[in-house]
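**Student:** Sharing a structure, written as structure tokens. Questions coming.
The values are calculated or read from the model by the stated rules, or taken from the named source; none is laboratory data. Treat the numbers as computed from the prediction; the structure is a model and nothing was measured. No Cβ is skipped: glycine too gets one built from the backbone with ideal geometry, and neighbour counts run over all protein chains shown.
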Amino acid sequence: MNKIYLVGLPASGKSTTAAWLAQKLGWNHWDLDDAIVREYGKSVPQLFMDLGEEAFRNMERDELRKTQTLDQVVVSCGGGTAAYFDNMAFMTSHGLTVYLNPDRTLIVDRIAESRQQRPLFFGLERPQIQAKLTEILESRGVYYSQAKLVWNRSEPSEMLYFAVSQLIG
């Protein structure tokens, strides 16, 4: 197995954990949102505003499919990637899937305090962010739970590295 796909709620730490894990493994890190920005020349929020979520999800699927040709890569997916089209089945058949599932209070804090714009959370205050996360988890949780490994901690650690190392052989 030469690919690892990290999935989970927005602000669950996918990009940070993927970069850390890639460094530990001596692999590359591929951020799906960054790939979309490079390909289309606009930020994710701008793509959402200009083209809508459906068009963005199509772009996301197309960029995800490009990872099929990559070797020794840890892919940080967008929060919704797993829940659209057959993306989760694709990731499961092409690599190890890891669901990052930290405490939701931490995720709320990250979203509320972040300067990074997240299209699904524009203009929301903490209680609204919490409600939106609950709604998102209810609709996407079935996809996230299909991951081979679930990480219920807020930060990556040697335990995660060990578990992943065992699973990828």
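**Student:** Can you name every residue in the stretch 131-164 that is without any contact (Cβ under 8 Å) to a residue 60 or more places away in the chain, more than 15 Å from Gly8 (Cα to Cα) and not in a loop (DSSP other than H, G, I, E, B)? It would help to see each step written out before you state the result.
**Tutor:** Kept after step one, since they are without any contact (Cβ under 8 Å) to a residue 60 or more places away in the chain, are these residues of the stretch 131-164: 131-132, 134-135, 138-139, 141-142, 145, 148-150, 152-153, 157-159, 162-163.
Subset that is more than 15 Å from Gly8 (Cα to Cα): 131, 157-159, 162-163.
Once the filter is applied, which keeps residues that are without any contact (Cβ under 8 Å) to a residue 60 or more places away in the chain, more than 15 Å from Gly8 (Cα to Cα) and not in a loop (DSSP other than H, G, I, E, B), the stretch 131-164 yields Ala131, Glu158, Met159, Phe162, Ala163.
**Student:** Which residues, counting only those in the stretch 101-117, are assigned to a loop (DSSP other than H, G, I, E, B) and more than 25 Å from Lys3 (Cβ to Cβ)? Explain how you work it out, then say what you get.
**Tutor:** To start, the set of residues in the stretch 101-117 that are assigned to a loop (DSSP other than H, G, I, E, B) comprises 101-103, 114-117.
Of everything in the stretch 101-117, those that are assigned to a loop (DSSP other than H, G, I, E, B) and more than 25 Å from Lys3 (Cβ to Cβ) turn out to be Asp103, Ser114, Arg115, Gln116, Gln117.
**Student:** Let me ask something else. In contact with an Asp or Glu (Cβ under 7 Å, 6 or more places away or on another chain) and among the aliphatic types (A, V, I, L, M), is that true of Leu32? Give the steps one after another, and end with the answer.
**Tutor:** Numbers: in contact with an Asp or Glu (Cβ under 7 Å, 6 or more places away or on another chain): yes; among the aliphatic types (A, V, I, L, M): yes.
For Leu32, the condition - in contact with an Asp or Glu (Cβ under 7 Å, 6 or more places away or on another chain) and among the aliphatic types (A, V, I, L, M) - is met.
**Student:** Which of the residues belonging to the stretch 1-32 are touching a helix residue (DSSP H, G or I) at 6+ places or on another chain (Cβ under 8 Å), assigned to a helix (DSSP H, G or I) and buried (at least 21 other Cβ atoms within 10 Å of the Cβ)?
**Tutor:** If the condition is that a residue be touching a helix residue (DSSP H, G or I) at 6+ places or on another chain (Cβ under 8 Å), assigned to a helix (DSSP H, G or I) and buried (at least 21 other Cβ atoms within 10 Å of the Cβ), then Thr17, Leu21, Leu32 are the ones that fit.
**Student:** State whether one or more residues within the stretch 20-40 are aliphatic (A, V, I, L, M) and in contact with a Cys (Cβ under 9 Å, 6 or more places away or on another chain). Show your work before the answer.
**Tutor:** Keep residues of the stretch 20-40 that are aliphatic (A, V, I, L, M), which gives 21-22, 25, 32, 35-37.
Still in the list and also in contact with a Cys (Cβ under 9 Å, 6 or more places away or on another chain): 32.
Yes, that holds for at least one residue.
**Student:** Next up: Quick test of your reading of the structure: Leu120 fulfils all but one of (1) surrounded by 13 or more Cβ atoms within 10 Å (Cβ to Cβ); (2) modelled with pLDDT of 95 or more; (3) in a helix (DSSP H, G or I). Name the failing condition by number.
**Tutor:** (2)
**Student:** Just a yes or no: is a residue in the stretch 76-90 part of a helix (DSSP H, G or I), farther than 23 Å from Val150 by Cβ, of a type outside the set (S, T, N, Q) and free of Cβ contacts under 8 Å to residues at least 40 places away in the same chain? Steps first, please.
**Tutor:** Kept after step one, since they are part of a helix (DSSP H, G or I), are these residues of the stretch 76-90: 81-83, 87-90.
Right, trim to farther than 23 Å from Val150 by Cβ and you get none.
For the stretch 76-90, residues part of a helix (DSSP H, G or I), farther than 23 Å from Val150 by Cβ, of a type outside the set (S, T, N, Q) and free of Cβ contacts under 8 Å to residues at least 40 places away in the same chain: absent.
**Student:** Filter the stretch 77-107 down to residues that are hydroxyl-bearing (Ser, Thr, Tyr) and farther than 17 Å from Leu120 by Cβ and give me whichever is surrounded by the most Cβ atoms within 10 Å (Cβ to Cβ). Before the answer, list the steps.
**Tutor:** Within the stretch 77-107, the subset hydroxyl-bearing (Ser, Thr, Tyr) is 81, 84, 92-93, 97, 99, 105.
Those still in the list that are farther than 17 Å from Leu120 by Cβ too: 92-93, 97, 99, 105.
On the way: Thr92: 16, Ser93: 10, Thr97: 25, Tyr99: 23, Thr105: 12.
Per the criteria, the residue is Thr97.
**Student:** Identify the single condition in (1) over 21 Å from Pro45 (Cα atoms); (2) surrounded by fewer than 16 Cβ atoms within 10 Å (Cβ to Cβ); (3) not basic (Lys, Arg) that Val73 does not satisfy, given that it satisfies every other one.
**Tutor:** (2)
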